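Data block below; observations after.
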Amino acid sequence: MAIDRLFRTAAAALLSFAFASPASADSAALDDGDRAAIARAEAYLNGLTTLQARFVQLDSSGEAATGRLMVRRPGRMRFEYDPPTPILLVSPGSELIYYDRDLKTATRLDWEDTPAWFLLADRVSLSPDGPYRVVDVQQSPGLLVFTAEDADAPDNGYIAVSFADRLGVLKLTGWVAVDALGQPTRITLFNIAANLPIDDSAFVFDEPLSAFEKQDP
């Protein structure tokens with residue numbers, strides 16, 4: 001699929017999602033079909049050892065960027081934008097490093113507090129008493145979407161994770177992360193390859209360590 005067509009497709013989905021909000025866990029109890037869908041999504045995500053894909057990102061203003069995603073569970077990720085976007089996100093295992101190549105500054109983050117949690121967790125749990133709870137499930141022919149929020153901080157936003165659902169087989173296709181201000185960012189994945197070896201070097205932060213020093217006052 002051509003990149004410009006991907007932009008248009010993802011943009012349409014982003015605009016439709018921007019005006020939606022997840023159902024409250026109190027106002028819309030999940031039924032047996034929802035719980036079965038959640039179990040399938042958990043099984044799929046926990047069956048991933050690695051994931052490689054190209055991505056298209058669209059923010060709330062319609063600005064688009066592309067890049068490459070590599071994941072090796074648990075905890076390792078490389079989320080690298082194509083030029084001219086200068087951002088690189090790398091998780092060597094215990095933390096997520098956000099690096100701006102233009103400013104040459106790096107910031108350490110806890111990946112459990114980012115939308116990447118469902119890709120990096122040792123074991124994904126979407127149960128009501130888990131750290132991330134599913135508050136909505138949408139199913140239609142060929143599509144499954146679950147919406148989850150941080151159980152301890154539901155006001156911080158939520159994430160809707162999408163899967164293609166064909167002949168009973170799920171395949172991750174992307175997600176929309178909505179922040180505390182209601183601003184959505186959509187990631188659409190393509191050219192996906194799962195459970196293939198990825199070299200350790202992909203998850204090494206090899207930029208100057210002095211980048212961290214620039215954060216100090």
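Tabulated results
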| item | result |
| --- | --- |
| Accessible surface, the stretch 33-148, averaged per residue in Å² (probe 1.4 Å) | 45 |
| Whole-percent carbon and sulfur share, accessible surface of the stretch 71-201, 1.4 Å | 51 |
| Overall form of the stretch 144-208 per C-alpha gyration tensor (a/c, 1.5; a/b vs b/c) | oblate |
| Computed FRET value (nearest 0.05) for Ala164 with Leu109, which takes r as the C-beta separation and R₀ as 41 Å | 0.90 |
| Given charges at Cβ of Lys, Arg, Asp, Glu: the stretch 91-202 dipole, positive-most of Gly93, Leu172, Trp117 | Leu172 |
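The values are calculated or read from the model by the stated rules, or taken from the named source; none is laboratory data. Since the model is a prediction, treat every value here as computed from it, not as a measurement. Every residue, glycine as well, gets a Cβ built from its backbone with ideal geometry; the counts of neighbours run over all protein chains shown. What goes into the accessible areas is simple: the full protein's heavy atoms, side chains included, and nothing from ligands, DNA or RNA. Shrake-Rupley method; radii C 1.70, N 1.55, O 1.52, S 1.80 Å.
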